[in-house]
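I have placed the structure first, in the form of structure tokens, so that the comments after it can refer back to it.
The values are calculated or read from the model by the stated rules, or taken from the named source; none is laboratory data. Just so it is clear, the model here is predicted, and its values are computed rather than measured. Positions of Cβ are generated from backbone atoms using ideal geometry, with glycine treated the same way; all protein chains shown enter the neighbour counts. The protein model used for the area step is the full one, side chains on, heavy atoms only, and it has no ligands, DNA or RNA in it. Shrake-Rupley method; radii C 1.70, N 1.55, O 1.52, S 1.80 Å.
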Amino acid sequence: MDNKKIAIIGGGNMGLAMARGILQTKWANPERMMFAEPLNDRLEHIKGIAHGIKTSHSNLDAAAWADVILLSVKPQIMSHVLDEIKPVMKDSKQVVTVAAGVTTSFIEKKLGGKTPVIRAMPNIAAVVREAATAICPGKYATEEHLSIARHIFESVGIVVEVEESLMDAVTGLSGTGPMYVFQILEGLSDAGVKVGLSRDISNTLAVQTLIGSSKLIKETKEHPAKLKDLVTSPGGTAISALHSLEKNGLKALLIDAVEVAAKRSGELGTQKKD
Ligand SMILES: NC(=O)c1ccc[n+]([C@@H]2O[C@H](COP(=O)([O-])OP(=O)(O)OC[C@H]3O[C@@H](n4cnc5c(N)ncnc54)[C@H](OP(=O)(O)O)[C@@H]3O)[C@@H](O)[C@H]2O)c1
């Protein structure tokens, strides 16, 4: 990875988060990174992240220059971007995609040849280097290509490897996951206000409760159900609250949400223009 040049195509939320993460790793070097993006303002912003970073309006130039091409554009314009970069693609260049629903076989077919493709699904916590990312290899990708992708996404959080058939499920769970957590936190914050706390104190307590509980699960490696049993004492507050959550179907709501998001991910993959 040390000598590889990386181009990020699409300088939006995810593209920027990835650049910031990569620049904080030991193999980071702004001179080996290029951004391609249509908006001038965003390119100017990107130049401000790290001195020496290259920018371009041309996806073709970025792809021609790089060894690793990270595609961070919306699924709906992926086909157009692949058409643009195709003339400079060689089997020695590696493509990494974060687009929801876009399969490795679609990219391989569009680019022709035997381009090694890695599909990844990070989440927006990449901005604070706490993302959960799943990666999977395409037909022509080797262990080395996977390892490069693993390095890239470890720069913004943790990485797991899954089979491509599970990528829509990953998109439904962790790719979309921050939204569920934001909704839960907003609800808890409102709840605190309802029972008399100031908005500020309520937010602070809700956020820290979520961080602390997640850390407890992560560090003890206990099943959430076991920790739930630990905090529900006979006749106490937690069991009363749990009864209310169960009556209102919290878990069923979450399962439904993940399922529809996973389904939508599959639809996005089929809606892109060939
Ligand atoms: N955000 C997330 O939570 C998240 C999580 C996992 C995966 N992803 C995936 O990450 C990808 C990017 O998402 P995002 O949230 O970063 O979206 P975004 O903020 O809209 O970023 C996409 C960027 O691509 C640029 N762009 C548009 N047309 C282009 C073209 N022809 N060539 C090069 N760049 C072009 C856009 O510029 P304009 O604004 O000028 O159109 C924008 O800066 C998506 O495929 C998404 O599925 C996102």
Considering only protein heavy atoms, what is the solvent-accessible area of D168 at a probe of 1.4 Å, reported in Å² to the nearest 10?
50
Degrees separating the helix 13-23 axis from the principal Cα axis of the chain, which is the longest one:
80
Using a Debye calculation, one point per C-alpha and no hydration shell, please list log10 I(q)/I(0) for the chain at q = 0.10, 0.16 Å⁻¹ in order.
-0.59, -1.20
Measure off, as a whole percent, the carbon and sulfur share of the 1.4 Å-probe accessible area of region 6-167, all protein chains present.
52
Which angle between 0 and 90 degrees, to the nearest 10, do you get for helix 199-220 versus the longest principal axis of the chain when only C-alpha atoms count?
80
What order, most packed first, do the peptides 10-21, 248-259, 134-145, 177-188 have when packing is the mean number of other Cβ atoms within 10 Å of each residue?
10-21, 134-145, 177-188, 248-259
Which percent, nearest 5, of DSSP beta bridges in region 108-170 are antiparallel?
45
Note down the nm distance, to one decimal, between modelled labels 7 Å out along Cα→Cβ at L242 and at E267.
3.6
DSSP-defined antiparallel bridges as percent of all bridges, the chain, nearest 5:
15
Sorted by chain and then number, the residues having a modelled amide H within less than 5 Å of the amide H of F35, at least 5 places away or on another chain, are I8, K54, T55, S56
What does the C-alpha gyration tensor say about the overall shape of region 1-69? Classify as rounded when a/c is under 1.5, otherwise prolate if a/b is larger than b/c, or oblate.
oblate
Write down the accessible area per residue of the chain in Å², having rolled a 1.4 Å probe over the full set of protein chains.
55
Counting only protein heavy atoms and using a 1.4 Å probe, what share of the accessible area of region 177-266 belongs to carbon plus sulfur, as a whole percent?
66
Round to the nearest 10 and give me the degree value, 0 to 90, for the angle of helix 143-154's Cα axis relative to the longest principal axis of the chain.
50
Using per-residue counts of other Cβ atoms within 10 Å, averaged over each peptide, order 50-56, 221-227, 151-157, 79-85 from highest down.
151-157, 79-85, 50-56, 221-227
The extension gain from D200 to S58, computed as 0.36 nm times the residue separation minus the Cα-Cα distance, is 46.6 nm
Mind ordering 32-38, 230-236 by average Cβ neighbours within 10 Å, highest first?
32-38, 230-236
